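Please see the structure below; I have some questions.
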Amino acid sequence: TATMALSAVARCNRISHHRSFANKVSALSLNAKKRKGKRISMVTAYNYPSAVHVARAGIDIVLVGDSVAMVELGHETTQNVSIESMIHHCQSVKRGLEFAGSGSMLVGDMPFGTYEFEDSDVALRNAYRFVKEAGCDAVKLEGGSVSRA
């Protein structure tokens, strides 16, 4: 019911806390965990509600993968997802992480055809979009050699 949903949101708001910058997962904090032999956790999320749940579980890294094309959008392969769609999903996950007060590192997966160019400026411009528009902390690439494009 609507009352139960509002009650749940109110409880979440009370539980939610904003982490300080010092608690934000970074490349340095991940390296420190590795050196200490601690496990690093990573989960894929594609939308706001799943991001809230993942954040509350204390996951270190949240990936918005191009597999969203198959899992959420019903495509047969990942090749059909656009950069605009990926940025949209990253923005949604970012809002979920922020709502939950998470310090998780957000990683956006650059889709096929957005970085396999002779001109590396195109790839950099697209990567910057993930950071600036979607709020990603890191960008993931697969392959990327010109001969594979």
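Bear in mind these aren't lab numbers, they're just calculated from the coordinates by the rules spelled out. None of these values were measured; they are calculated from a predicted model. Note that each Cβ is placed from the backbone with ideal geometry, even for glycine, and that neighbours are counted across all protein chains shown.
Report the label-to-label distance for Ile40 and Asp119 in nanometres (one decimal), using points 7 Å from each Cα along the Cα→Cβ vector.
Calculated label separation equals 3.4 nm.
Quick check on packing: order 36-45, 57-66 by the mean number of other C-beta atoms within 10 Å, highest mean leading.
On the way: 36-45: 13.3, 57-66: 20.2.
Highest-to-lowest ranking by the protection proxy: 57-66, 36-45.
Does the range 80-149 come out rounded, prolate or oblate, given a ≥ b ≥ c as the square roots of the eigenvalues of its C-alpha gyration tensor, rounded meaning a/c under 1.5 and, failing that, prolate meaning a/b above b/c? Let's see the in-between values first.
On the way: a/c = 2.52, a/b = 2.30, b/c = 1.09.
Prolate.
Still on this structure, please answer the following. Report, in cubic angstrom per residue, the convex hull volume of the C-alpha atoms of the range 24-149.
Numbers: hull volume 14.2 nm³, N = 126.
Normalising the Cα hull of the range 24-149 by residue number yields 113 Å³.
I need the per residue convex hull volume for the range 53-116, using only the alpha carbons, in cubic angstrom as a whole number.
Working: hull volume 5.1 nm³, N = 64.
Spelled out: Cα convex hull of the range 53-116, divided by residues, is 80 Å³.
What is the range 44-83 by shape, rounded, prolate or oblate, if you read a ≥ b ≥ c off the alpha carbon gyration tensor as root eigenvalues and call it rounded for a/c under 1.5, prolate for a/b larger than b/c, and oblate otherwise?
On the way: a/c = 3.26, a/b = 2.41, b/c = 1.36.
Verdict is prolate for the range 44-83.
Any chance you could run the full-extension gain for Glu84 through Glu142? It's 0.36 nm times the residue separation minus the Cα-Cα distance, nm to one decimal.
Values: separation 58, 0.36 × 58 = 20.88 nm, distance 1.82 nm.
Additional length available on full extension: 19.1 nm.
Counting other Cβ atoms within 10 Å, keep those with at most 14, restrict to DSSP loop, and tell me which GluC sites (Glu not before Pro) in the range 71-132 are left.
Working: sites: Glu72, Glu76, Glu84, Glu98, Glu116, Glu118; in loops: Glu72, Glu76, Glu116, Glu118.
Passing both the DSSP loop test and the Cβ count: Glu72, Glu76, Glu118.
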